[in-house]
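Everything on this sheet refers to the single structure shown next.
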Amino acid sequence: MDMSGSLLMLLFCVALGLQQVAIKAVAADVAPLAQVAIRSTLAALLVVAVARLRGVRWVDARAVLGPGLAVAAGFAAEFTFIALGLGYTTASHMSVFLYTAPVFAALGLHWWVPGEQLSPRHWVGIAIAFGGMVLAMAPGGKASAGPAPTALVVGDILGILAGMSWAATTIVIRTTRLSSQRPIVTLAYQLVFAGLSLLVVAGLLGDLSTMRLSPLAWASLAFQTLGISFAMLLLWFALLRRYLASRLGVFSFLSPVFGVIFGALLLGETLTASFVAGGVAIIVGIVIVSLPSGAARA
């Protein structure tokens, strides 16, 4: 990757690292599920407008209605698990466990897609990542400050479920007509479905009626809507058109590192030795799984 691509990916990773922190920081004012619903709805309006300007027609979206709805459901599930999980665990933990997605995607592609079978190196990486999950979630290694050990485990499991949901969307995209469709169509499906469905759920739970839109809440929602759901996702698709996905994928694992750092610095979250060791093992395992064969031999 050239310098401009590297700097843009660094910006992308920093923004995604702040995502869980931004949600957690204003959770007392706006429930996490309501935050995700609002940001998805607003970003959906922007993405649909951009799609129209780029000449995307309704017939293009209708041609992939089935897989589009499937990937949208996975996207909505991912952020529902994130929102619920942040009520139990820390932003640092969520940042790491969310990024187990490539491991589950590799396993799903191995079982369902011919030619995507895992090599011994991939299985080693998966074993390291799963070992890291167990170590990072070990109740005996939790600090006394912050959420209770049982709550942390519940939140960590929800984080893993979010990663599995993310992996499911990857598998759907890879195995359906969405793989040849314009990325903005996929993004529109994800945001429209997530926004509408989560607004309904948040309304039924009373999360929308109990919001307190403090200045910090406004700032967080603006960052999540414009910075994450709109700008950074469009940047990701733009980078995918210019650079190799394998290079971007490995680079993106800086995101959980930044997530842990920001959680500790901005929210005062305590990092235990077992979580740090387990988190490092998870990231190492994911990088091993994600590296292309040629890069692994180089």
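Some observations on this one:
- Of all residues in the range 42-51, those being out of contact with any Leu (no Cβ under 6 Å at 6 or more places or on another chain), in contact (Cβ under 8 Å) with a residue 40 or more places away in the chain and more than 14 Å from Ala61 (Cβ to Cβ) number 2.
- Within the range 263-272, the set of residues being modelled with pLDDT under 85 and either more than 28 Å from Ala148 (Cα to Cα) or among the aliphatic types (A, V, I, L, M) (or both) comprises Leu271 only.
- Subset of the range 6-55 [of a type in the set (Gly, Ala, Ser), out of contact with any Gly (no Cβ under 8 Å at 6 or more places or on another chain) and within 24 Å of Gln181 (Cβ to Cβ)]: Ala49, Ala51, Gly55
- Note on the range 52-70: residues that are of a type in the set (Gly, Ala, Ser) and under 30 Å from Leu84 (Cβ atoms) total 4.
- The residue that is nearest to Ile82 (Cα to Cα), counting only those in the range 1-35 that are at pLDDT 90 or above and either assigned to a loop (DSSP other than H, G, I, E, B) or touching a Lys or Arg at 6+ places or on another chain (Cβ under 8 Å) (or both), is Pro32.
- Answer residue from the range 280-298, given it is modelled with pLDDT under 70 and part of a helix (DSSP H, G or I) and is farthest from the chain's Cα centre (by Cα) among those: Arg297
- The C-beta contact set for the range 215-239 (first residue under 14 Å from Thr41 (Cβ atoms), second residue surrounded by fewer than 18 Cβ atoms within 10 Å (Cβ to Cβ) and modelled with pLDDT under 95, distance under 9 angstrom, 6+ apart or interchain) comprises Leu221/Leu213; Thr225/Leu46; Leu226/Leu46; Ser229/Leu46; Phe230/Leu46; Phe230/Val50.
- Residue check for Gly55: surrounded by fewer than 23 Cβ atoms within 10 Å (Cβ to Cβ), of a type outside the set (Asp, Glu), out of contact with any helix residue (DSSP H, G or I) (no Cβ under 8 Å at 6 or more places or on another chain) and assigned to a loop (DSSP other than H, G, I, E, B): yes
The values are calculated or read from the model by the stated rules, or taken from the named source; none is laboratory data. Keep in mind that what you see is a predicted model, and the values were worked out from it rather than measured. Every residue, glycine among them, receives a Cβ derived from its backbone with ideal geometry; neighbour counts consider all protein chains shown.
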